[in-house]
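This report refers to the structure that appears directly beneath it.
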Amino acid sequence: MKESSRRPRGNREKIIQATAKLIIEKGVANTSLADIADEVGISKGTLYYYYANKGDLIFDISVRHMEHITNTIISWVSGHGLEAGAEKVLQMIVDTVLKSETRGYIHFYLIQDALSGNHESLRVRFTQEYHKWLGLIEQGLKLILPASTDFQTASRIILSAIDGLLLQKLLGVGQINLERVGSYFAREVAETMPPGAPTNE
């Protein structure tokens, strides 16, 4: 009984790892369910048992990548990020997200798929994940920015900026200066603070 309960998780993990590998090699659009089944060494029927369509599988990978990125950032901030200051933390956040090219390709594939109107359930799930990411960014900002900050707006601006920078990187639009990006965010927050506003330090 224990063995059978382990097997599905093992297969799912193999499917996810194989798909991520193929996406790096071939891109999202050129990776088919047949390719994934061949890579894992299972039939398409078995693959359908775990994932009814490609969108669900890609979404699962995207969530896992985002969780990994989030855990990396939280671990860094908790370890020594608070002493580094808001500017360095914001640089680190942008840098960590931009380094994950697989996540970038998957992210924009999902956006395109969600906006196409062909997968309403994917759109709903993706929207839910976006709200979760916004919440995580907001929590992180509360550790490093003044208490007077409009954290909700700041988190939306930062996530939007990261999406934009990620798209520019994938398109090869110039070099991204992370130091200037971090400085800009930190400066803008400081300039919008009212005089004598309390801080989280």
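Just so it is clear, none of the values below were taken in a lab; they were calculated from the coordinates. No experiment lies behind these values; they were computed from the predicted model shown. Note: ideal-geometry Cβ built from the backbone for every residue, glycine included; neighbour counts use all protein chains shown.
Overall shape of the stretch 54-192 was characterised from the C-alpha gyration tensor. The equivalent ellipsoid obtained from it has semi-axes of 27, 16, 14 Å, in decreasing order. Among THR19, THR96, THR149, THR46, the order by Cβ neighbours within 10 angstrom, fewest to most, reads THR46, THR96, THR149, THR19. Computed 3J(HN,Hα) for the stretch 86-99, one whole-Hz value per residue from the Karplus formula 6.51 cos²θ - 1.76 cosθ + 1.60 where θ = phi - 60°, is 4, 4, 5, 5, 5, 4, 5, 4, 4, 4, 5, 5, 5, 5, glycine and proline marked x.
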